[in-house]
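The values are calculated or read from the model by the stated rules, or taken from the named source; none is laboratory data. Predicted model, so just to flag it, every value in this text is computed and none were measured. Note: ideal-geometry Cβ built from the backbone for every residue, glycine included; neighbour counts use all protein chains shown.
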Amino acid sequence: MSVDLAQIRRSLLTEPLAGQFIQEDGGEGLPLTPAAVLFPIVLREGGATVLLTQRTAHLRDHAGQISFPGGRVEEEDISPSHTALRETEEEIGLAREHIEIIGFLPEYRTGTGFCVTPVVALVRPPFVIKPDPFEVAEVFEVPLAFFLDPENHQPHSMHYRGALRHFFAMPYGDYFIWGATAGMIRSLTERLGLHPA
C-alpha cells in the first residue's frame, strides 16, 4: 500500500490528547518524566525519509540507541512542540525554520519511565546538521517507505527486570531500530491502518 503525506497528515492528532497513550511493555506503574521528540520526515526529491540519531554510548538514558531528536521537558518549555524543536536544535543543529509541524501521535510511555509526546513534522532541505558530539554519535536517514512496510516490523522479546518483554524492531542495514523509536513508528503505521492495532 502506498501512503502519501496527505494521508499521514489526516492520521495525526491535531494536538496532544490527555489520557490517550501507548504503554510500552514493562513500564506500567513507573513514575513518569515528561519528554517530547521530533518525528522528522525529510522531503527529499527521491522520496521522503525519516531522520534519526544514534545516541552516544556514555549517556545515562538509552545509551547507543537509535532515537528521534528530543528529550525531557524543561521549565521554560511552553508545549511539547517547543520541547521537540528546542531539543532538535540542541542535539543536531537543525534550525526550526526548516521544520513544519503537521500533528502529533499519542503519548508514548516507555518502559524506562518517560512519557513522550511525538511531534510529527516535515523538514525541507537544504539544511545543515551540526550534531552535538556529547549526545549524538551519528545522524542518518531511512526511507519513509521502509517504515511504512509492515514486513519490516519484526516482533522480538527479551528478559528485562525479571519478566519477558515484547517489542518490535526495524533493522535497517547496520542500524537496529527498536524500543520507543520503533514503538512510535509503529504507532503511526497503525493509525494509517497498515496493520491491525
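Of the strands (runs of 3 or more DSSP E) lying entirely inside region 90-197, those containing at least 2 residues that are among the aliphatic types (A, V, I, L, M) and within 24 Å of Leu43 (Cα to Cα) are 99-104, 114-123, 136-143.
Taking the criterion of being touching a strand residue (DSSP E or B) at 6+ places or on another chain (Cβ under 9 Å), free of Cβ contacts under 8 Å to residues at least 60 places away in the same chain and over 21 Å from Asp4 (Cβ atoms), the only residue of region 27-59 that qualifies is Glu28.
So is Gly173 out of contact with any helix residue (DSSP H, G or I) (no Cβ under 8 Å at 6 or more places or on another chain) and either modelled with pLDDT under 90 or surrounded by 15 or more Cβ atoms within 10 Å (Cβ to Cβ) (or both) or not? Give the steps one after another, and end with the answer.
On the way: out of contact with any helix residue (DSSP H, G or I) (no Cβ under 8 Å at 6 or more places or on another chain): yes; either modelled with pLDDT under 90 or surrounded by 15 or more Cβ atoms within 10 Å (Cβ to Cβ) (or both): no.
Considered against the rule, which asks whether it is out of contact with any helix residue (DSSP H, G or I) (no Cβ under 8 Å at 6 or more places or on another chain) and either modelled with pLDDT under 90 or surrounded by 15 or more Cβ atoms within 10 Å (Cβ to Cβ) (or both), Gly173 comes out as no.
Of all residues in region 97-146, exactly one satisfies the criterion of being touching a Pro at 6+ places or on another chain (Cβ under 9 Å) and polar (S, T, N, Q), namely Thr117. Any chance region 142-157 includes a residue that's in contact (Cβ under 8 Å) with a residue 40 or more places away in the chain, over 14 Å from Leu52 (Cβ atoms) and small (Gly, Ala, Ser)? Looking for residues that are in contact (Cβ under 8 Å) with a residue 40 or more places away in the chain, over 14 Å from Leu52 (Cβ atoms) and small (Gly, Ala, Ser), one finds at least one in region 142-157, hence yes. Can you name every residue in region 134-155 that is more than 17 Å from Leu122 (Cα to Cα) and of a type in the set (D, E, K, R)? Result: Glu135, Glu138, Asp149, Glu151. Counted as qualifying within region 1-64 are the strands (runs of 3 or more DSSP E) with 1 or more residues that are among the hydrophobic types (A, V, I, L, M, F, W, C), at pLDDT below 95 and surrounded by 11 or more Cβ atoms within 10 Å (Cβ to Cβ), namely 21-23.
Screening region 1-46 for residues that are among the charged types (D, E, K, R) and touching a Gly at 6+ places or on another chain (Cβ under 8 Å) and picking the one that is nearest to Gly93 (Cα to Cα) gives Arg9.
Residues considered: Leu192, Leu105. Of these, the only one that is in contact with a Ser or Thr (Cβ under 7 Å, 6 or more places away or on another chain), farther than 16 Å from Thr53 by Cα, surrounded by 20 or more Cβ atoms within 10 Å (Cβ to Cβ) and not polar (S, T, N, Q) is Leu105.
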